Amino acid sequence: MLFLLRCNMEGITKGISTRTVQLDIQIMRSDKLGYNAPIVVYDKIYYTYADPDYSITDMPLSMDDCKLLKEAITLLGSMENPEAERAKKVLTKVKTRLTALLHFV
């Protein structure tokens, strides 16, 4: 779930605290990040999705999400700093990919 994704992305190799798992599950169940995951508990210790077809990776972006991404790309692309040229190349790739995926201009 989310905590496993975080471990992979952050390179965490030590154990994960119970509190971290609890907070991640709470966030996934909520709409705070848009997941609204149908997580249920069985046998008082196991967690699963109530809907076996549910996946956080299958969540489409809303039109508001697309607008925010477009605004972020524009703002970040206009920044002037030593990394600006590299950032502009990355943002161009992101914008191209989003356009292909979402038909978003």
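Asp53 contributes an accessible area of around 130 Å² to the protein surface, as traced by a 1.4 Å probe with all chains present. Across region 39-47, coupling constants 3J(HN,Hα) worked out from phi with the 6.51/-1.76/1.60 Karplus curve, θ = phi - 60°, read 7, 10, 10, 9, 6, 6, 9, 9, 10 Hz, and Gly and Pro carry x.
Between Ile39 and Ala50, the built amide H atoms are under 5 Å apart, and every one of these is 5 or more places off in sequence or on another chain.
Could you check the simple spin-label distance between Lys44 and Leu76, using points 7 Å along Cα→Cβ, in nm with one decimal? Distance between label points: 4.7 nm. Straightening the chain between Ser62 and Thr96 buys 10.5 nm, computed as 0.36 nm per residue apart minus the Cα-Cα spacing.
The values are calculated or read from the model by the stated rules, or taken from the named source; none is laboratory data. Being a predicted model, the structure only gives us computed values, none of them experimental. Neighbour counts run over all protein chains shown; Cβ positions are idealised from the backbone, glycine included. Accessible surface areas use protein heavy atoms only, side chains included; no ligands, DNA or RNA. Shrake-Rupley method; radii C 1.70, N 1.55, O 1.52, S 1.80 Å.
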